[in-house]
Amino acid sequence: MAEGRNEAYLLDTIGSPEDIRRLDIAGLEKLAGEIRSFLIERVSVTGGHLASNLGVVELTLALHKVFTTPRDKIIWDVGHQSYVHKIITGRRDKFETLRRLDGISGFPKCSESEYDCFDTGHSSTSVSAALGYARARDLLNEDYHVVAVIGDGAMTGGMAFEALNDVGRSPNNMIIILNDNGMSISKNVGGFSKYLSKIRTQPLYYKARDDFNTFLNRLPAIGKKAVRVLDRAKGTIKYIVTPGIIFEELGIRYLGPIDGHDIAELIKVFSNAKGMKGPVLIHVKTQKGRGYGAAENKPQEFHSISPFEIETGEVRANNGPTYSDVFGRRLVELAAMEPKLVAITAAMPLGTGLDNFSKAYPDRFFDVGIAEQHAVTFAAGLAKGGLKPVVAVYSTFLQRSYDQIIHDTALQDLHVVFAIDRAGLVGEDGETHQGLYDLSYLSHIPNMTIAAPADYHEFIQMLDYAVLKHDGPIAIRYPRGTGKERLAQAADVEPGKGVRILEGEDVTIVAVGRMTETALKVAGSLSERGIRAEVINARFVKPLDEQLIADSVLKTGALVTLEDNCIRGGFGSSVLEMLNTKGILVRSKLFGFPDRPIPHGSIDELFGKYGLDPVTIAAETDRLLEKRG
């Protein structure tokens with residue numbers, strides 16, 4: 001953006017928060033505009049979380065103006081709104097690498113910068129982490145401020161309320177900034193959202209109270225006495241002026257709401273809060289997507305956006321329907337066939353493909369907010385009550401409801417369908433969002449059935465079976481993005497049955513889900529070397545088609561398994577365990593992701609980096625067979 005500028009570009013002078021602290025209000029306001037332009041330009045190329053970052057520009061500048069980072073700690077809840085923070089903490093020149101392999105992360109990462117004090121990626125964690133920091137500081141007799149920045153969407157998560165309950169009885173100084181834009185990814189729902197809406201329309205209680213106290217103190221003779229009387233009556237006044245005040249009742253001082261785009265006001269309130277004792281919550285109102293019309297009008301679409309045209313806001317590449325699209329369409333069709341079918345999402349109707357279902361069957365659609373634990377047990381209650389609930393959730397977020405899957409669903413053998421989106425690699429969102437653990441944490445749960453389609457045709461068949469015929473908990477895991485309409489001609493889906501899609505005699509390749517396509521490519525490469533591979537599409541991870549796999553392995557004498565899951569406790573482990581139980585010993589090679597965090601990058605790059613591309617797998621399989629010979 002350097003070309004063609006007629007005036008000094010202030011952002012060029014910002015190398016660290018020290019430079020922010022030297023600016024006056026006019027300078028900060030100019031910088032805010034430049035940062036918005038920079039964000040729009042860069043994210044249009046890299047893709048990423050745009051709307052949330054456009055909404056926190058002034059908020060972020062005010063934080064770094066008032067607080068002395070990195071000594072003072074700022075913890076960003078979820079963290080997808082930390083781009084502005086990254087820009088002004090020395091990472092602007094790396095922004096073209098955002099979310100790319102070996103580039104900067106789209107979320108806070110302690111290993112990336114001293115200004116990132118806590119890794120985040122999932123919602124509703126910041127208050128707990130901030131309280132931990134504050135108590136550690138005080139126990140160690142250290143001196144710094146701790147600030148948690150949490151969105152109103154994240155405040156719908158149960159963990160946030162658990163933390164607030166603990167914070168309210170704590171004497172430790174800490175500041176919670178509630179960034180209230182009325183949305184998480186989609187529009188917020190529930191009682192807490194309604195409560196915040198009510199607060200937004202009320203007068204600034206604390207400003208009015210403080211002004212009135214100042215006035216009374218100046219009155220001769222009676223002023224101080226009147227203030228004492230007012231303090232005794234403040235509970236009554238508080239409930240009249242600001243209904244509810246749930247934070248005050250928890251023991252947390254509440255300030256606001258204030259305009260989150262008024263830098264001067266933000267600086268004033270933040271500065272005042274620094275001197276207050278105990279926990280303080282500052283309620284800040286912001287606009288998601290502010291400064292870019294397309295993002296203001298469609299904040300859901302611009303929450304996380306692929307590369308787009310700035311002038312039109314249109315995404316540059318459209319590769320056809322995704323697994324989420326296929327799921328959403330088929331579920332609407334199934335709802336017409338099965339009146340007991342209901343759908344549940346944890347604040348992600350658009351991302352999971354349930355937006356059309358929500359419009360077609362509003363009475364049978366439930367958005368529970370960012371509350372995956374509640375979503376699962378709620379689904380269990382619906383199932384117990386005679387309905388057929390489908391819980392649509394990303395793999396990485398389903399982890400949060402592990403206990404509820406076991407305790408409330410599986411142990412009672414309830415018919416709950418888990419539609420697990422973004423299973424396997426998700427790519428650019430990195431460690432906190434990779435769906436690489438679901439096969440491991442679901443496989444050992446009693447009564448659980450796990451299916452994984454290789455293409456859209458199988459996916460629809462599995463979904464039909466899960467809703468219309470299955471009895472008990474069942475999970476269908478499928479990847480992010482697009483897939484094949486039909487990978488290979490094969491028999492209809494039967495529960496617990498795999499399918500042999502390529503005959504061979506030298507090695508058995510058993511693949512699960514999206515890795516079936518990779519298996520066929522590997523087999524093609526091996527055939528050029530004179531190796532005939534037998535390819536099995538497992539379809540079901542639990543129960544396994546034991547007879548099909550065992551018979552094939554006994555024929556070929558060698559086994560390769562392919563999965564887009566962590567290798568520990570995953571699909572390959574289940575296959576080896578099954579063969580061991582049958583007393584079948586075979587030379588084998590398991591392909592999956594290693595036992596360490598998998599960073600951000602494109603999906604193809606990451607498959608290559610960890611040796612899960614067809615070329616590497618074929619070469620490793622060839623070496624396996626050479627060792628056997």
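Inclusion of Ile584 among residues that are over 30 Å from Ser306 (Cα atoms), surrounded by 14 or more Cβ atoms within 10 Å (Cβ to Cβ) and in contact with a helix residue (DSSP H, G or I) (Cβ under 8 Å, 6 or more places away or on another chain) is warranted. Tyr144 meets each of the listed conditions (1) surrounded by 24 or more Cβ atoms within 10 Å (Cβ to Cβ); (2) touching a strand residue (DSSP E or B) at 6+ places or on another chain (Cβ under 8 Å) apart from (1).
Tell me, please, whether a residue that is surrounded by fewer than 14 Cβ atoms within 10 Å (Cβ to Cβ) and not β-branched (Val, Ile, Thr) can be found in the stretch 605-618. It would help to see each step written out before you state the result.
Filtering the stretch 605-618 for residues surrounded by fewer than 14 Cβ atoms within 10 Å (Cβ to Cβ) gives 615.
From the residues that got through so far, the ones that are not β-branched (Val, Ile, Thr) too are none.
Checked against the condition, which is being surrounded by fewer than 14 Cβ atoms within 10 Å (Cβ to Cβ) and not β-branched (Val, Ile, Thr), the stretch 605-618 yields no hits at all.
Considered as a group, the residues in the stretch 306-333 that are buried (at least 20 other Cβ atoms within 10 Å of the Cβ) and in contact with a strand residue (DSSP E or B) (Cβ under 8 Å, 6 or more places away or on another chain) include one that is modelled with the lowest pLDDT, and that residue is Phe308.
Against the conditions (1) within 17 Å of Val416 (Cα to Cα); (2) surrounded by fewer than 15 Cβ atoms within 10 Å (Cβ to Cβ), Arg364 satisfies every one except (2).
Out of Thr561, Thr518, Thr508, one residue alone is more than 33 Å from the chain's Cα centre (by Cα), under 27 Å from Leu606 (Cβ atoms) and in contact (Cβ under 8 Å) with a residue 24 or more places away in the chain. It is Thr508.
Out of Ala375, Ala379, one residue alone is over 22 Å from Leu436 (Cβ atoms) and among the small types (Gly, Ala, Ser). It is Ala379. All of (1) under 22 Å from Gly33 (Cα atoms); (2) in contact with a Phe, Trp or Tyr (Cβ under 7 Å, 6 or more places away or on another chain); (3) of a type in the set (A, V, I, L, M) hold for Ile305 with one exception: (2). Taken as a whole, the structure places Ile450 among residues that are assigned by TED's automatic domain parsing to the domain that holds Ala379, more than 23 Å from Glu428 (Cα to Cα) and within 24 Å of the chain's Cα centre (by Cα).
Among the residues of the stretch 247-294, the ones that are over 19 Å from Phe67 (Cβ atoms), touching a His at 6+ places or on another chain (Cβ under 8 Å) and outside any loop (DSSP other than H, G, I, E, B) come to 2 in all. Taking the listed residues Tyr456, Tyr441, the one that is of a type in the set (Phe, Trp, Tyr) and in contact with an Asp or Glu (Cβ under 6 Å, 6 or more places away or on another chain) is Tyr456, with no other qualifying. Look at (1) buried (at least 19 other Cβ atoms within 10 Å of the Cβ); (2) under 28 Å from Gly496 (Cβ atoms); (3) among the hydroxyl-bearing types (Ser, Thr, Tyr) and you find that Thr345 fails only one, number (2).
This table checks each residue for (1) outside any loop (DSSP other than H, G, I, E, B); (2) under 21 Å from Glu114 (Cβ atoms); (3) in contact (Cβ under 8 Å) with a residue 40 or more places away in the chain.
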position	(1), (2), (3)
Ala26	yes, no, no
Glu41	yes, no, yes
Lys65	yes, yes, yes
His80	no, yes, yes
Lys86	yes, yes, no
Gly90	yes, yes, yes
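The values are calculated or read from the model by the stated rules, or taken from the named source; none is laboratory data. All of these numbers come straight from a predicted model, not from anything done at the bench. Cβ sites come from the backbone with ideal geometry, for glycine too, and all protein chains shown count toward neighbours.
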